[in-house]
Amino acid sequence: MKNCILISLPGNQQLTGVLASKLNMQVGDIEMRDFPDGESYIRINSNVQNKIVILICNLVHPNNKILPLMFIAKTLKELGAKKICLITPYLPYMRQDKRFKSGEAITSILFASLISNWVNFLITIDPHLHRITNLSDIYSIDSISVLHSTKLIAEWICNNVDSPFIIGPDEESRQWVDEVAKLVSAPYAIIEKTRYGDREVSISMPDIREKDKTPILLDDIISTGTSMLVVTQQLLTQGFNSPVCICVHALFDEKTVNNLLNAGVQKIVTCNTIHNTFGQIDIAYLIVEEILRLKFD
Ligand code: R5P
């Protein structure tokens, strides 16, 4: 792919390295630093004239990343880049997709319109699509690739769990649970969850009888871990086996991990869309395949 160049933003070197070697693609040279006053200095040292520039910038914790990313994308265009492709394995700001209380900002829409100003291709993995069912409803980008980790998650379960029973901790997890359960030919159940605050939820468990199986709690995101924690407590109280918690995007910190393990979770497994020590399920190849499919001609 001679007409493409990869540019990695800080923290994305690992994925960039995989893409560069699998796709035989050049990695561009960029200088980024903060001036003493905290403002960004950016310099692009590679020739990007008439090239498709693939920016690798995982936008987890996006607020400090978005301004430098915009500076880079706009500078690339000024320097003659033909198109800009943004790869962000985790797409942030997808959960505030509605004005739940008067006066709230609908940040999903605002964030989408910001990114849409300077990106031509977007590649991401399992965005939190709920009330917004398609990214193209809020992103005005020529080409949007939404990749799915369900096959990889199912493969992990098949290779590591003998008798799984898949449980979705809320209605929003149904799309992942339904697909993975089909792929592993396992039974599943969806729990009814009501959220009262960032760390406060209540659940209503359906009647689950498969006490001899291994419960796999599956969701797209684990953040504070509250959803998984409450389900785990209920399962253990009812005499189920210790569950395995699986998610696509690990937004959690060490405290969450400790809370889950102390509550009796036997294992935490995640995709590596966000770098973390439990990220056993590698999504890099999904992105490689998508770039090959897009061809960027
Ligand atoms: C939201 O609806 C997501 O699917 C997750 O259920 C949620 O982000 C999990 O958050 P927490 O780990 O803080 O309960």
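Listing for the model above:
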read-out: Cα-based convex hull, region 13-155, per residue volume (Å³, whole number); value: 142
read-out: Charged-residue dipole, Cβ positions (Lys, Arg, Asp, Glu), the chain about Cα centre, Debye nearest 20; value: 520
read-out: Fluctuation leader among D97, D207, D178 - the chain, Gaussian network, Cα springs under 10 angstrom; value: D207
read-out: Å³ per residue enclosed by the Cα convex hull of the chain; value: 141
read-out: Selection from N47, V177, Q13 lying farthest towards where the dipole of the chain points positive, charges on Cβ; value: N47
read-out: The chain - percent of accessible surface contributed by carbon and sulfur, probe 1.4 Å; value: 45
read-out: Charged-residue dipole, Cβ positions (Lys, Arg, Asp, Glu), region 150-272 about Cα centre, Debye nearest 20; value: 220
read-out: Ordering of 243-255, 17-29 by packing [mean C-beta count within 10 Å, highest first]; value: 243-255, 17-29
read-out: Where region 46-147 is the region considered: accessible area per residue in Å², 1.4 Å probe; value: 44
read-out: Stokes-Einstein diffusion coefficient of region 150-272, Kirkwood radius over Cα pairs, 25 °C, 0.890 mPa s, in µm²/s; value: 174
read-out: For the chain, built as a Gaussian network whose Cα springs stay under 10 Å, the top-fluctuating residue of N241, N259, N45; value: N45
read-out: Nonlocal amide H pairs with F165, under 5 Å, H built at 1.01 Å; value: T214, I216
read-out: Dipole magnitude of region 52-165 about its Cα centre (Cβ charges: Lys, Arg +1; Asp, Glu -1), debye to nearest 20; value: 380
read-out: Pairs beyond 18 Å (Cα-Cα), from K74/K98; K83/K295; K213/K267; value: K74/K98
read-out: Relative contact order (%) - the chain, alpha-carbon pairs under 8 angstrom, separation at least six; value: 12
read-out: Residues of region 150-272: accessible area per residue with a 1.4 Å probe, Å²; value: 46
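The values are calculated or read from the model by the stated rules, or taken from the named source; none is laboratory data. The structure displayed is predicted, hence computed values, not measured ones. All Cβ positions, even for glycine, are placed from backbone atoms using ideal geometry, and neighbour counts span all protein chains on display. Ligands, DNA and RNA are stripped out before the accessible areas are found, and what is left, the full protein with its side chains, is counted by its heavy atoms. Shrake-Rupley method; radii C 1.70, N 1.55, O 1.52, S 1.80 Å.
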